[in-house]
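One structure is given here, and the rest of the page talks about it.
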Amino acid sequence: MALASANLNLPTDSDLNRYEQRGYLHFEGFIDDETLSGLQQAAAEFIELSRGLQTSNRMLDLEPSHTATNPRIRRLNSPVENHEAFRKFALEGPAAELACAVLGGPVRYHHSKLNFKWSDGGEEIKWHQDIQFWPHTDFTPLTIGVYLADVDDVMGPMGVLPGSHKGRLYDQYLESGEWGGAMNPDDVAKINFSDMEWLTGPSGSVTVHNCCMIHGSVPNNSPNPRPLLLQTYSAANSYPIAHIGANGVTGQLSGTVIGGASDQRVIVGGRQIVGAPDWSRAGAPTIFGSQQEEE
Ligand SMILES: O=C(O)CCC(=O)C(=O)O
């Protein structure tokens, strides 16, 4: 997938150095007005659509109190697969370009979501790290967030713990043995919340956080929703490990390589494999066909 260059203020070397050290970046007003308005309109279409729903479905996750007259959406799953404006933004546009700039070459798109965090109590996202949800063959995966509305301190902005991406990778199972999707309370109690950075900003502001970063957000106690559009990428030669968590159920477009080609080289256990081409879409030839050089 080629990039449609969007004339962005891409990260400087000093930004990239900061990302390496602290595990996140934050740019206020990064997205141009026209692109932002296209994303906001697309989000508004899903709010209208939600009015016809009584309960959540695969695409829209609704709060239990959602009604047609008072919609309360938690999340739009896979916006990239569900609207052209989101697809273009994430696979060709500013988000893709930023991901390539931060990772220094072609990237592999993994998944996307739009967390609405509705007004007057929209739910918290407990402290967690992402990599456990979708382990990869390295730690390059990162998520780019875009606020589609102005977000201040009381709207439940995303909070990140700088430098935590270099630390421990937490077990996010509950004591019962079930998946909890968050750090356990004993581990959270050891966090120094005064070190937390709360990423607020006007609509169009962008956040970038590494997959090992401790992050989360508190409830939204303001009268306005806090829509945060998130898209995740890894370096092109980083691969999701199948059969763990969300890997494999992230959508048809997952795996799309952007801004160049993959050279199919992957390092596992310190050894380099020059892998076969990606046959996941067209189907695999047999070894007989490949060795006889059949088309
Ligand atoms: O919406 C947020 O505040 C954080 C999002 C997040 O961490 C997630 O969805 O994994």
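The values are calculated or read from the model by the stated rules, or taken from the named source; none is laboratory data. None of the values given here were measured: they were computed from a predicted structure. Note that each Cβ is placed from the backbone with ideal geometry, even for glycine, and that neighbours are counted across all protein chains shown. To get the accessible areas, we keep the full protein, side chains included, count just its heavy atoms, and leave off ligands, DNA and RNA. Shrake-Rupley method; radii C 1.70, N 1.55, O 1.52, S 1.80 Å.
The C-beta contact set for region 218-243 (first residue touching a residue at least 60 places away in the same chain (Cβ under 8 Å) and closer than 12 Å to M158 by Cα, second residue away from the ligand (no atom under 11 Å from the Cβ) and open to solvent by 50 Å² or more (accessible area, probe 1.4 Å), distance under 8 angstrom, 6+ apart or interchain) comprises N220/D120; N220/V154.
In this structure, is I31 within 16 Å of the ligand (Cβ to nearest atom), under 21 Å from the mean Cα position of the chain (by Cα) and within 22 Å of T200 (Cβ to Cβ)?
Details: within 16 Å of the ligand (Cβ to nearest atom): no; under 21 Å from the mean Cα position of the chain (by Cα): yes; within 22 Å of T200 (Cβ to Cβ): yes.
The answer is no for I31.
The residue of region 134-176 that is nearest to the ligand (Cβ to nearest atom), among those that are under 25 Å from A242 (Cα atoms), touching a helix residue (DSSP H, G or I) at 6+ places or on another chain (Cβ under 7 Å) and open to solvent by 20 Å² or more (accessible area, probe 1.4 Å), is Y170.
Might you check whether a residue that is of a type outside the set (A, V, I, L, M, F, W, C), closer than 30 Å to Q264 by Cβ and not in a helix (DSSP H, G or I) occurs anywhere in region 158-174? No; the residues of region 158-174 include none that is of a type outside the set (A, V, I, L, M, F, W, C), closer than 30 Å to Q264 by Cβ and not in a helix (DSSP H, G or I). One residue stands out among those in region 233-276 that are under 15 Å from the mean Cα position of the chain (by Cα) and small (G, A, S): the one that is most open to solvent (accessible area, probe 1.4 Å), which is G245.
Would you point out which residue out of I191, I214 is over 21 Å from F30 (Cβ atoms), touching a helix residue (DSSP H, G or I) at 6+ places or on another chain (Cβ under 9 Å) and within 12 Å of the ligand (Cβ to nearest atom)?
Details: I191 fails: within 12 Å of the ligand (Cβ to nearest atom).
Residue meeting the stated conditions: I214.
Restricting region 194-211 to residues that are of a type in the set (S, T, N, Q) and modelled with pLDDT of 95 or more, the residue that is farthest from F30 (Cα to Cα) is N210. Every condition in (1) free of Cβ contacts under 8 Å to residues at least 24 places away in the same chain; (2) aliphatic (A, V, I, L, M); (3) not in a strand (DSSP E or B) is met by I273 except one, and the failing one is (3).
So, in region 222-244, exactly how many residues are among the hydroxyl-bearing types (S, T, Y) and over 14 Å from P135 (Cα atoms)?
Step one: list which residues in region 222-244 are among the hydroxyl-bearing types (S, T, Y), which gives 222, 232-234, 238-239.
When the remaining residues are screened for being over 14 Å from P135 (Cα atoms), the result is 222.
Qualifying residue count, region 222-244: 1.
The set of residues from region 202-218 being of a type outside the set (V, I, T) and under 11 Å from T143 (Cβ atoms) comprises H209, N210, C211, M213, H215. Scanning region 221-232 for residues that are more than 17 Å from P71 (Cβ to Cβ) and either surrounded by fewer than 21 Cβ atoms within 10 Å (Cβ to Cβ) or among the β-branched types (V, I, T) (or both) yields a total of 2.
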